[in-house]
Amino acid sequence: MYSTCTSCIRLKTGVTNSFPVRVGVRQGDNLSPSLFKIFINDLPTYLQSTPDPIKLDEKDVHCLMFADDIVLFSKSEVGLQEKLNKLHEYYLLYDEDNQCTMCKKLKEELEVAKEEFERYKLRAQSVLKNKATKDSGPNKEMESLKSQVADLREKIKTFHVQHEEAIQRANQRADSASKTVISLQEKHKQDLLHHQAEHQHQVSQLEIEIKKQRERTVSLLSEKDREIEVLRASTPVFDGGYLAHIRNPPDAAASEEMQAKSEEEQAVHRLLKMGQGEANLLYFSQEQARKEVEINVLRKQKHELESALRDLQLTSFSKEEALQEQVENMREEVRKVERNIAREGANLEYLKNVTFKFLTSVDPRAKQQMLNAITTILQFSPQEKSVVHTQLKSWWTSTV
């Protein structure tokens, strides 16, 4: 306890005698809980012998005690002074100078606790020191593992950046390839339309030439028909009397003369008729020969156009095949990039175990199943799967 002081109580008629007051122990002192317990338990009993208490519910009340305050009750000044004196005696009883038994006991317990704490502290320090010496090896290993983990994380970051750059380059190549394919397709369409238009123009020109040739042929035929009509109109016509005179001569001499003349007339008539027919035949043969020549020329031009069209179709077909092959190659590259991306998420530990079992297994069926798992995890292409399965079958056949 500390700070010894005195105090008194002011009443209506005066002031009581002064008495010493202890402010108490310091806050946080180890004796505070024990002293408070003694104070609460013993002081009310100690004050019960004082006179003139008050009545509260048929009970004598000498004081009210709080954590930091005491209220004393008395019907008279004498009784109140007696309570103050008792309170003074109580404080003197537990004064630090008197060295009460309880305080000594508590101090002894405190010393014992301090000694036990020191021993525990020394023991804990020795245990920690031994543990530190024992854990020096694992700690070094842990530090090494931590450094390895840090290095692996840096490598993972580097690989991730490289992977992103590879994906960007692949996407750029795919975009450029798709743009190239689109431009080639547009160029092919334009070339095809140009050749088709040129071919259509040539066909239309040939049709126009054939139409003109037909018109010329028709005009020639009509002109020759008019010439034939003119020749027929200019041929002499013998009347019936003259023919009857020829058939029935008046006498023999005259009949012979007339018969000779009639034969001459008939020969001339036959010659005239024969000349008209031969002229018509010559004209038609010439026209037919000219038509055959024109038809042959047109057929030759048609064959040339058809061969040019076939060549154009073959060229376009070869270009389409080349474009299709380029598109397929680009798609295969895109699928390869997608498989590479999918492989990044594969469990390497699982892949390692499957590969180890595949290499150490001798069962063909199990080896086939593990090979399927490996090709699935590594995202093999269909062509690669076919080659691997064929190679595995040939290997097992040669082994057996």
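When you look at L192, is it within 29 Å of E306 (Cα to Cα), surrounded by 13 or more Cβ atoms within 10 Å (Cβ to Cβ) and either of a type outside the set (S, T, N, Q) or at pLDDT 80 or above (or both), yes or no?
yes
Taking the options L305, L298, name whichever one is touching an Asp or Glu at 6+ places or on another chain (Cβ under 9 Å) and modelled with pLDDT of 85 or more.
L298
For segment 312-327, enumerate the residues that are without any contact (Cβ under 8 Å) to a residue 12 or more places away in the chain and of a type in the set (D, E).
E321, E325
Give me the pairs: first residue in segment 116-134 and exposed (fewer than 10 other Cβ atoms within 10 Å of the Cβ), second residue modelled with pLDDT of 85 or more, beta-carbon distance under 7 Å, and six or more apart or on different chains, which are they?
Correct list of pairs: empty, since none qualify.
Got a sec? Which of S176, S144, S183 is in a helix (DSSP H, G or I) and either aromatic (F, W, Y) or modelled with pLDDT under 85 (or both)?
On the way: S176 fails: either aromatic (F, W, Y) or modelled with pLDDT under 85 (or both); S183 fails: either aromatic (F, W, Y) or modelled with pLDDT under 85 (or both).
After applying the criteria, what remains is S144.
Name the residue, out of D29, D57, that is at pLDDT 60 or above and charged (D, E, K, R). Reasoning before the result, please.
On the way: D29 fails: at pLDDT 60 or above.
Result of the check over D29, D57: D57.
Quick test for you: out of Q202, Q148, pick the one residue that is surrounded by 10 or more Cβ atoms within 10 Å (Cβ to Cβ), of a type outside the set (F, W, Y) and in contact (Cβ under 8 Å) with a residue 24 or more places away in the chain. Quick ask: steps written out before the conclusion?
Working: Q148 fails: in contact (Cβ under 8 Å) with a residue 24 or more places away in the chain.
Answer to the selection: Q202.
Between R169, R173, R216, which is in contact with an Asp or Glu (Cβ under 8 Å, 6 or more places away or on another chain), surrounded by 11 or more Cβ atoms within 10 Å (Cβ to Cβ) and of a type in the set (D, E, K, R)?
On the way: R169 fails: in contact with an Asp or Glu (Cβ under 8 Å, 6 or more places away or on another chain); R216 fails: in contact with an Asp or Glu (Cβ under 8 Å, 6 or more places away or on another chain).
Answer to the check: R173.
If a residue has to be in a helix (DSSP H, G or I) and modelled with pLDDT under 80 to count, how many in segment 99-125 make the cut?
Going through segment 99-125, the residues in a helix (DSSP H, G or I) turn out to be 101-125.
Restricting the remaining residues to those that are modelled with pLDDT under 80 gives 101-107.
Number of matching residues: 7.
Given the condition farther than 27 Å from A174 by Cα, surrounded by 10 or more Cβ atoms within 10 Å (Cβ to Cβ), of a type in the set (K, R) and at pLDDT 75 or above, answer yes or no: does some residue in segment 371-385 qualify?
Start the filter on segment 371-385 by keeping residues that are farther than 27 Å from A174 by Cα, which leaves 371-374.
Still in the list and also surrounded by 10 or more Cβ atoms within 10 Å (Cβ to Cβ): 371-374.
Next, only the ones that are of a type in the set (K, R) stay: none.
Looking through segment 371-385, none of the residues is farther than 27 Å from A174 by Cα, surrounded by 10 or more Cβ atoms within 10 Å (Cβ to Cβ), of a type in the set (K, R) and at pLDDT 75 or above.
On the basis of being farther than 30 Å from Q288 by Cα and of a type outside the set (A, V, I, L, M, F, W, C), does K129 make the cut? If you could, list the steps in order and put the result at the bottom.
Details: farther than 30 Å from Q288 by Cα: yes; of a type outside the set (A, V, I, L, M, F, W, C): yes.
Spelling it out, K129 is indeed farther than 30 Å from Q288 by Cα and of a type outside the set (A, V, I, L, M, F, W, C).
The values are calculated or read from the model by the stated rules, or taken from the named source; none is laboratory data. Model, not experiment: these values are computed from the prediction. Please note: Cβ atoms are built from the backbone with ideal geometry, for glycine as well, and neighbour counts cover all protein chains shown.
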